[in-house]
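Just below is one structure, and these are the notes that go with it.
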Amino acid sequence: MMGGVGEPAHEVINVVPVPLNAANSLQSLVDATVSARESRTQRVRRLQEEAKALAREQISELEILIDATAKMAHEIAEGGEAYPVGARELSRRLADELPRTLQTLRIVTKKSL
C-alpha cells in the first residue's frame, strides 16, 4: 500500500509489551491482544462519528445551496424579457421542484442521521 506518490504507507500498530517469563504469559498475551482490539474499536467508533458529522455538515451545505438555487431560479423565471424564454421556463420548473426536493432531503436526512 502506498501513502503518496511513490511513498510507502505507514500504519500505526498498537504494541503492548508482554513479559515472557511470567507464569501466566499466555494470558498476558491474550490480555494485550484484547486491549489492542478495544483501542482499535474505539478508533473505529471515533472515525465513524467524525464521518457522520462531516456528512451532516455537507448535507446542511447542500440544503443551503438548493434553497439559494430555488430562489435564484424564481427570480429568473419572473425576470421577464431580459431572460430567454427557455431559461425562464427551465427556471420556473426548478423553482417549483427544488423546494420539494429540499423538503425530501430534510426528511430523509432526519431519518438517517
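Please treat every number below as a calculation from the coordinates, not as lab data. It should be emphasised that the depicted structure is a prediction, and the values quoted were computed from it without experimental measurement. Heads up, the Cβs are rebuilt from the backbone with ideal geometry, glycines too, and the neighbour counts pull from every protein chain shown.
Points to keep in mind about this one:
- Remark: pairs (first residue in segment 70-88, more than 18 Å from ARG100 (Cα to Cα); second residue in a loop (DSSP other than H, G, I, E, B); Cβ separation under 7 Å; 6+ apart in sequence or on different chains) = ILE76/TYR83; ARG88/GLY79.
- Selection status of ARG100, among the basic types (Lys, Arg), closer than 30 Å to ARG56 by Cβ and touching a residue at least 24 places away in the same chain (Cβ under 8 Å): no
- Residue match in segment 93-105 (condition: small (Gly, Ala, Ser) and loosely packed, with under 12 Cβ neighbours inside 10 Å): no
- Subset tally (residues that are of a type outside the set (Asp, Glu), loosely packed, with under 14 Cβ neighbours inside 10 Å and either under 12 Å from the mean Cα position of the chain (by Cα) or closer than 14 Å to ALA95 by Cα (or both)) for segment 55-74: 7
- Number of the condition not met by SER39 [criteria: (1) in contact with a helix residue (DSSP H, G or I) (Cβ under 9 Å, 6 or more places away or on another chain); (2) in contact (Cβ under 8 Å) with a residue 24 or more places away in the chain]: (1)
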